[in-house]
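Comments concern the structure below.
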Amino acid sequence: MNQYTSNTSHSQKNEFNNLIDFRSDTVTLPSKEMLQNIQNARLGDDVYGEDEAVNELQGYAAKLLGKEAALFFPSGTQSNLTAILSHCQRGEEALIGKNYHTNLYEAQGASVLGGVGICHIDTSASGSINIEEMLSQIKEDDPHYAVTKLLCLENTFSGQVQPQGELDALAKAAHRKGLKVHLDGARLFNAHIYSGLSMKKLTSCFDSVSICLSKGLGAPVGSLLVADQATINKAHRLRKILGGSMRQVGVIASCGMYALKNNIQRLQEDHDNAKLLATGLSSISELSIDYGERHTNMVFVNCPENHRALLEKFLFDRGIIVTNLDRGRLVCHLGIEEKDILNVINAFKEYFK
Ligand SMILES: *Cc1c(COP(=O)(O)O)cnc(C)c1O
């Protein structure tokens, strides 16, 4: 059981209105305004490069991150995989933080499909990688070893913003050794809002960056790989190989465009709500709450084992979905408002009364 697998059977959730679903910021549904954007999208066959909505989105994202080009993907997993395969050949390896998504939750795609070795590096609870530790994993030129080509980092990690100085220093050290550096920035917009640093500043030290539109930004589908033109050219072929080239995909890209134009600033609300939730729940002595400095939209709740299943059921009966309460991840997103948070805090208190 991992954080992405529910251990309850709330599959009927879509039949309910007003459910407060904390499992992930991926559960958001597109707003009416976002859906209206589809009707105005100038569609075409994107395999021919003729979908104007996709071209607009890719151009917009490249500019936002200050890179040469961007490519639209159906998922963050495929975008990360493509990035790794763009930077590494068969028999080469990528260094990846042990607890990062690319190491744990992407089914080792780079090894399975690309013959790329993954060497994982220890990560602290807050997501940091020690530079010396990273450097010590770069292999010498020796036939016993795979050739180290890439370092993969992640921001935010478990909802925690990574100190930009640390990321810049890691990237610089890796570059000096001739490695490329990729950032899994599935929730990089949360780091942008938290830190006030521009997306350009957050990504300037990376050769490639993957961003998700379907997390806090609220688009139904889609991720973007952003990089220099040569890397995107390779990625374009790899995306075809992986079956990720789609036709009139402006239907979903136009939702992504709406998300980038309208849903970035509002992430602050999610951070405020998470903080409110953490503060409210921390008054319950049975729970231990993890929401420290650098946390954004996720609150982690540890509940005593004997209460977990009962509490989940108690909350679900009140329209609140939380799961895996050994270290339950409560994710705030655009489907959850401040008044919901107050109701949730009251429901938790009522259970423990
Ligand atoms: C969601 C996520 C991804 C990509 O996941 P997909 O479900 O494939 O879009 C990658 N990295 C992190 C950290 C994520 O949270």
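Annotations for the structure displayed:
- Taking strands (runs of 3 or more DSSP E) as the structural unit, those lying wholly within region 44-132 and holding at least 3 residues that are touching a residue at least 12 places away in the same chain (Cβ under 8 Å), within 16 Å of the ligand (Cβ to nearest atom) and open to solvent by less than 30 Å² (accessible area, probe 1.4 Å) correspond to 69-73, 92-97.
- Residue count, region 334-353 (criterion: open to solvent by 40 Å² or more (accessible area, probe 1.4 Å) and in a loop (DSSP other than H, G, I, E, B)): 4
Yes/no per residue for (1) under 25 Å from Leu65 (Cα atoms); (2) assigned by TED's automatic domain parsing to the domain that holds Asp51:
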| position | (1), (2) |
| --- | --- |
| Gly222 | yes, yes |
| Met246 | yes, yes |
| Ile252 | yes, yes |
| Thr279 | no, no |
| Thr296 | yes, no |
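- Any pair with Cβ under 7 angstrom, 6 or more apart, that starts in region 326-353 at a residue that is over 13 Å from Lys275 (Cα atoms) and ends at one that is among the aromatic types (Phe, Trp, Tyr): Arg327/Phe300; Gly328/Phe300; Arg329/Phe300; Tyr351/Phe314
- Yes/no for Gly292 being at pLDDT below 95 and closer than 30 Å to Tyr60 by Cα: no
- Lone qualifier among Leu167, Leu153 - being under 19 Å from Gly66 (Cβ atoms), assigned to a strand (DSSP E or B) and of a type in the set (A, V, I, L, M, F, W, C): Leu153
- When residues of region 293-308 are limited to those that are assigned to a loop (DSSP other than H, G, I, E, B) and free of Cβ contacts under 8 Å to residues at least 60 places away in the same chain, the one farthest from the chain's Cα centre (by Cα): Pro304
- Count of residues meeting criterion [surrounded by fewer than 23 Cβ atoms within 10 Å (Cβ to Cβ) and either among the small types (Gly, Ala, Ser) or assigned to a helix (DSSP H, G or I) (or both)] in region 171-187: 6
- Enumerated helices (runs of 4 or more DSSP H) restricted to region 198-292, each holding at least 1 residues that are β-branched (Val, Ile, Thr), open to solvent by less than 70 Å² (accessible area, probe 1.4 Å) and in contact (Cβ under 8 Å) with a residue 40 or more places away in the chain: 199-203, 229-241, 250-262
- The residues of region 4-53 that are modelled with pLDDT under 95 and aromatic (Phe, Trp, Tyr), listed by number, are Tyr4, Phe16.
- When residues in region 310-333 are screened for being at pLDDT 95 or above and either in a loop (DSSP other than H, G, I, E, B) or surrounded by fewer than 13 Cβ atoms within 10 Å (Cβ to Cβ) (or both), 8 of them pass.
- Of residues in region 133-148 being open to solvent by 70 Å² or more (accessible area, probe 1.4 Å) and either hydroxyl-bearing (Ser, Thr, Tyr) or touching a residue at least 40 places away in the same chain (Cβ under 8 Å) (or both), the one farthest from Cys88 (Cα to Cα): Ser136
- Total residues in region 157-170, condition hydrophobic (A, V, I, L, M, F, W, C) and open to solvent by 20 Å² or more (accessible area, probe 1.4 Å): 1
The values are calculated or read from the model by the stated rules, or taken from the named source; none is laboratory data. Owing to the predicted nature of the structure, the values given are computational and were not obtained by experimental measurement. Every residue, glycine as well, gets a Cβ built from its backbone with ideal geometry; the counts of neighbours run over all protein chains shown. Remember, those area values only see protein heavy atoms, side chains included, never the ligands or the DNA or RNA. Shrake-Rupley method; radii C 1.70, N 1.55, O 1.52, S 1.80 Å.
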